[in-house]
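To keep things clear, I will list the structure first and then write my remarks on it.
The values are calculated or read from the model by the stated rules, or taken from the named source; none is laboratory data. Because the structure is a prediction, the values reported are computed rather than measured. With ideal geometry, Cβ positions are generated from the backbone for all residues, glycine too; neighbour counts draw on all protein chains shown. Ligands, DNA and RNA are stripped out before the accessible areas are found, and what is left, the full protein with its side chains, is counted by its heavy atoms. Shrake-Rupley method; radii C 1.70, N 1.55, O 1.52, S 1.80 Å.
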Amino acid sequence: QVQLAESGGGLVQAGGSMRLSCAASGSTRSIGAMGWYRRAPGKQRELVATISRAGSTNYADSVKGRFTISRDNAKTTVSLQMTSLKPEDTAVYYCNAILFQTYWGPGTQVTVSA
């Protein structure tokens, strides 16, 4: 079992920056890929960025060049550095981790005001 806890959400003005972090606990030794997804009001959850255990990254087109995903050496914390934030980035952000199945955190709200 893996437990995930996100932190770092809140309110920011358009053009600002924010950093999200997600810490994994439990059976973390063999966690594979980790990632960030988001769900905006009235929309389905969508991929934001993922990072493999080896460090390979993948980004949604809408965040390329603005968001950076990273992972610590212990492979148990994944972060998302968000810059040049736009109102359309407003959403609940969820981290996930894959270890034989997909685990999800409870989510953290990010609100970008115009």
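Quick one: how many residues across the range 65-80 are surrounded by 14 or more Cβ atoms within 10 Å (Cβ to Cβ) and at negative phi? Steps first, answer last, please.
To start, the set of residues in the range 65-80 that are surrounded by 14 or more Cβ atoms within 10 Å (Cβ to Cβ) comprises 66-71, 75-80.
Right, trim to at negative phi and you get 66-71, 76-80.
So the count comes out to 11.
Based on this model, can you work out whether Ser62 counts as touching a helix residue (DSSP H, G or I) at 6+ places or on another chain (Cβ under 9 Å), of a type outside the set (Phe, Trp, Tyr) and either part of a strand (DSSP E or B) or surrounded by fewer than 19 Cβ atoms within 10 Å (Cβ to Cβ) (or both)? Spelling it out, Ser62 is indeed touching a helix residue (DSSP H, G or I) at 6+ places or on another chain (Cβ under 9 Å), of a type outside the set (Phe, Trp, Tyr) and either part of a strand (DSSP E or B) or surrounded by fewer than 19 Cβ atoms within 10 Å (Cβ to Cβ) (or both). Could you say whether any residue in the range 43-59 is of a type in the set (A, V, I, L, M, F, W, C), over 14 Å from Asn96 (Cα atoms) and out of contact with any strand residue (DSSP E or B) (no Cβ under 6 Å at 6 or more places or on another chain)? Yes: the range 43-59 contains one or more residues that are of a type in the set (A, V, I, L, M, F, W, C), over 14 Å from Asn96 (Cα atoms) and out of contact with any strand residue (DSSP E or B) (no Cβ under 6 Å at 6 or more places or on another chain). Restricting the range 41-56 to residues that are within 20 Å of Lys86 (Cα to Cα) and open to solvent by 20 Å² or more (accessible area, probe 1.4 Å), the residue that is farthest from the chain's Cα centre (by Cα) is Gly42. Scanning the range 95-114 for residues that are open to solvent by less than 40 Å² (accessible area, probe 1.4 Å) and under 16 Å from Glu6 (Cα atoms) gives Cys95, Asn96, Ala97, Tyr103, Gly105, Gly107, Thr108, Val110. Checking each residue of the range 23-34 against the condition of being assigned to a strand (DSSP E or B), over 19 Å from Val2 (Cβ atoms) and either touching a residue at least 12 places away in the same chain (Cβ under 8 Å) or over 15 Å from the mean Cα position of the chain (by Cα) (or both) gives no match.
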